[in-house]
Amino acid sequence: MDEKKYAKLEQEISPKIPLMKNILKAFLTGGIICLVAQFVALFYMTYFDFTERTASNPTVATMIFFSMLLTGFGLYKKIGQFGGAGSAVPITGFGNAVISAAIEHKSEGYVLGVGSNMFKLAGSVILFGVFSAFVVALIKTILVKLGVVSW
Amino acid sequence: MSSIYITAFIVGGLICVIGQLLFDVAKLTPAHTLCLLVVAGSILDGLGLYEPLIDFAGAGATIPITSFGNSLTHGALAEAEKHGLIGVLTGMFEVTSSGISSAILFGFIAAIIFKPKGNV
């Protein structure tokens, strides 16, 4: 069987992804998580001395706290099964990746298990975030020095 | 005032839809998808496009993982503006400290409190 035939066969056999349904679920899940976060931000703006811009830091921390509770009680996995990318893309998904790895490796001890495995999944996000931020900021700084663009 | 809730819902949802398309259509793994979105966020900030999105959508733009790339770049650029090239390195985590520090802290607390039950 050549490659083309195999690809065709693979396409026929593999179950059809309900694309529209998945998109709708991801939209709803992601939207609701961001809506909750917007209410958390309102809380920080109303009761503490935060502006619209600075409120995002405590909001992110609070959302990761919610993510800890949901992950610990095994509920985030269920949200993930329903929402797909809608639960993975928000910062709560990042928190879930760190927290679930930490809980899962508890039996290997706090240093070798929890400490070493915590960033097993989230590490790649940090790596590529830092690297791309470095490249983008470097290029922009050089361009500003050359007078091509302004800050 | 109430329109920010609608835009937060819609923009946050749409960024997740992009993620879902990368899952289902481009057949990327979740890890690849998240890395791609982070890189996209940092490039958008370099072009000066992410901050207007935050003004428009609030948490709809700050909660998806794209904002992680955005705030890394933003911190690096803010320090670079003050201290030149070395600031690119030193300023990187200035803005985004809360995401990582709270993930580490709550991760450790969760490991102490909760017992592993299969695949959490």
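If you take the residues of the range B:56-86 that are more than 8 Å from chain A (Cβ to nearest Cβ) and without any contact (Cβ under 8 Å) to a residue 12 or more places away in the chain, which of them is surrounded by the fewest Cβ atoms within 10 Å (Cβ to Cβ)?
Checked the range B:56-86; the qualifying residue surrounded by the fewest Cβ atoms within 10 Å (Cβ to Cβ) is B:82.
Which residues, taken from the range B:44-68, are of a type in the set (Val, Ile, Thr) and touching a Ser or Thr at 6+ places or on another chain (Cβ under 7 Å)?
The answer is B:54, B:62.
Could you grab the pairs with beta carbons closer than 7 Å, sequence gap of 6+ or different chains, first residue in the range A:30-44 and more than 7 Å from chain B (Cβ to nearest Cβ), second one of a type in the set (Asp, Glu)?
Matching pairs, first to second residue: none at all.
Take the range A:49-102 and flag every residue that is touching a strand residue (DSSP E or B) at 6+ places or on another chain (Cβ under 8 Å) and of a type in the set (S, T, N, Q).
Within the range A:49-102, none qualify.
Only one of A:88, A:133 is within 7 Å of another protein chain (Cβ to nearest Cβ), closer than 22 Å to residue B:64 by Cβ and in contact with a Pro (Cβ under 8 Å, 6 or more places away or on another chain); which?
Result: A:88 is the single residue among A:88, A:133 that is within 7 Å of another protein chain (Cβ to nearest Cβ), closer than 22 Å to residue B:64 by Cβ and in contact with a Pro (Cβ under 8 Å, 6 or more places away or on another chain).
In the range A:61-85, how many are of a type in the set (A, V, I, L, M, F, W, C), at the interface with chain B (Cβ under 7 Å from one of its Cβ atoms) and in contact with a Phe, Trp or Tyr (Cβ under 9 Å, 6 or more places away or on another chain)?
The qualifying residues number 5.
Might you let me know whether the range A:135-150 holds any residue that is assigned to a loop (DSSP other than H, G, I, E, B) and among the hydroxyl-bearing types (Ser, Thr, Tyr)?
Among the residues of the range A:135-150, at least one is assigned to a loop (DSSP other than H, G, I, E, B) and among the hydroxyl-bearing types (Ser, Thr, Tyr), which makes the answer yes.
If you check residue A:19 against the conditions, is it out of contact with any Cys (no Cβ under 6 Å at 6 or more places or on another chain), farther than 20 Å from residue B:60 by Cβ, modelled with pLDDT under 95 and within 7 Å of chain B (Cβ to nearest Cβ)?
yes
Do any helices (runs of 4 or more DSSP H) lying entirely in the range B:32-112 carry at least 1 residues that are under 13 Å from the mean Cα position of the chain (by Cα), and which ones are they?
Correct list: B:50-57, B:59-62, B:66-83.
Answer yes or no as to whether residue A:100 is at pLDDT 90 or above, under 17 Å from the mean Cα position of the chain (by Cα) and at the interface with chain B (Cβ under 8 Å from one of its Cβ atoms).
The answer is yes for residue A:100.
When the range A:24-59 is examined, which residues are found to be within 13 Å of residue B:64 (Cα to Cα), modelled with pLDDT under 95 and aliphatic (A, V, I, L, M)?
Selection gives nothing.
With respect to residue B:38, determine if the residue is touching a residue at least 24 places away in the same chain (Cβ under 8 Å) and touching a helix residue (DSSP H, G or I) at 6+ places or on another chain (Cβ under 9 Å).
Yes: the conditions hold for residue B:38.
Of all residues in the range A:27-86, count the ones that are of a type in the set (D, E, K, R) and assigned to a helix (DSSP H, G or I).
Number satisfying all stated conditions: 2.
Output the residues belonging to the range A:41-84 that are crowded, with 18+ Cβ neighbours inside 10 Å, under 24 Å from residue B:97 (Cα atoms) and of a type in the set (A, V, I, L, M).
A:41, A:42, A:55, A:60, A:61, A:63, A:64, A:68, A:70
The values are calculated or read from the model by the stated rules, or taken from the named source; none is laboratory data. Only a predicted model underlies this, so the values are computations on that prediction, with no experimental measurement involved. Note that we place each Cβ from the backbone using ideal geometry, even for glycine, and neighbour counts take in every protein chain shown.
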